[in-house]
Every structure is written in structure tokens, then in C-alpha cells.
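Please read the structure below before turning to the comments.
The values are calculated or read from the model by the stated rules, or taken from the named source; none is laboratory data. Every value quoted in this text rests on a predicted model; they were computed, and no experiment measured them. Heads up, the Cβs are rebuilt from the backbone with ideal geometry, glycines too, and the neighbour counts pull from every protein chain shown. To get the accessible areas, we keep the full protein, side chains included, count just its heavy atoms, and leave off ligands, DNA and RNA. Shrake-Rupley method; radii C 1.70, N 1.55, O 1.52, S 1.80 Å.
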Amino acid sequence: MCGSELSIIVQSPAKKFYAFHSPSVESTRRRFDMGDVFIDDARTEYEESVRMLEEKKKEVIGTATNREREFWWDHQIEGMDPQELEGYLESLESLRKNVSSRIEEMEKLSDMI
């Protein structure tokens with residue numbers, strides 16, 4: 001339905017071979033006999049995609065690592081004006097409450113086990 005050509009050959013535990021070909025063995029074989037250029041192009045494209053993926057992974061991991069070092073509570077408070085300090089203090093208090101609540105939840109769960 002989508003114009004794909006497919007050949008599957010499997011071997012059973014009894015050492016018998018079974019094959020499925022669509023549309024036919026000959027047309028699939030001809031496709032690969034058109035030259036190793038098709039296969040080489042596909043391999044080159046695959047290898048380039050893998051290389052780009054690895055580069056992107058390194059970039060994302062590096063970005064995540066940088067973000068981990070830049071939590072808001074790590075910011076220097078010197079140079080903050082009084083309004084910023086009030087907001088910072090409120091945020092710290094909220095964080096402390098959230099952490100305390102989570103610790104209580106975890107203790108309750110551990111008591112149940």
C-alpha cells in the first residue's frame with residue numbers, strides 16, 4: 001500500500017527456513033543489485049544522524065548540568081534591594097515548608113512499610 005519492498009527470511013528451531021517477499025524476491029533483489037551506492041548512502045546518512053544525535057545529547061547534558069548549578073537559592077544576596085530580599089526570604093520559607101512536608105510524607109510511607 002505504501003510502495004515498500006520487503007523480504008523476510010526466518011529459521012525455525014527445527015532448522016526450517018520460511019520466507020516472505022513483497023512484491024517478489026526478484027524485485028527486492030533487483031533493488032539491492034542497483035548497486036552498493038544505495039546501501040552506502042543509507043549507511044552514511046545513518047552514521048551522520050548518529051553523530052548529530054550524540055552531539056545534541058552532549059549539548060543537552062551540558063545545558064542540564066549548567067542549570068543544576070544555577071538554582072535561585074544559590075544567587076548572591078549582596079546587591080539585592082530590600083524588596084528583592086523580602087521576596088527571596090518568602091521563597092526560602094516556602095521551600096522550607098515544602099521540604100518539611102515532603103519529609104513528613106516520606107516518614108509516614110516508611111512507617112507503613
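With the simple model of a label 7 Å out from the Cα in the direction of the Cβ, Asp81 to Met52 spans 4.7 nm. What FRET efficiency comes out for Met106 versus Asp74 if R0 is 41 angstrom and r is the Cβ-Cβ distance? Round to the nearest 0.05. Here the calculated transfer efficiency is 0.95. Ranked from largest to smallest solvent-accessible area, with a 1.4 Å probe on the protein heavy atoms, Phe71, Phe20 come out as Phe20, Phe71.
Only lysines eight or more places from Lys97 in sequence, or on another chain, were considered; those with a Cα closer than 23 Å are Lys108.
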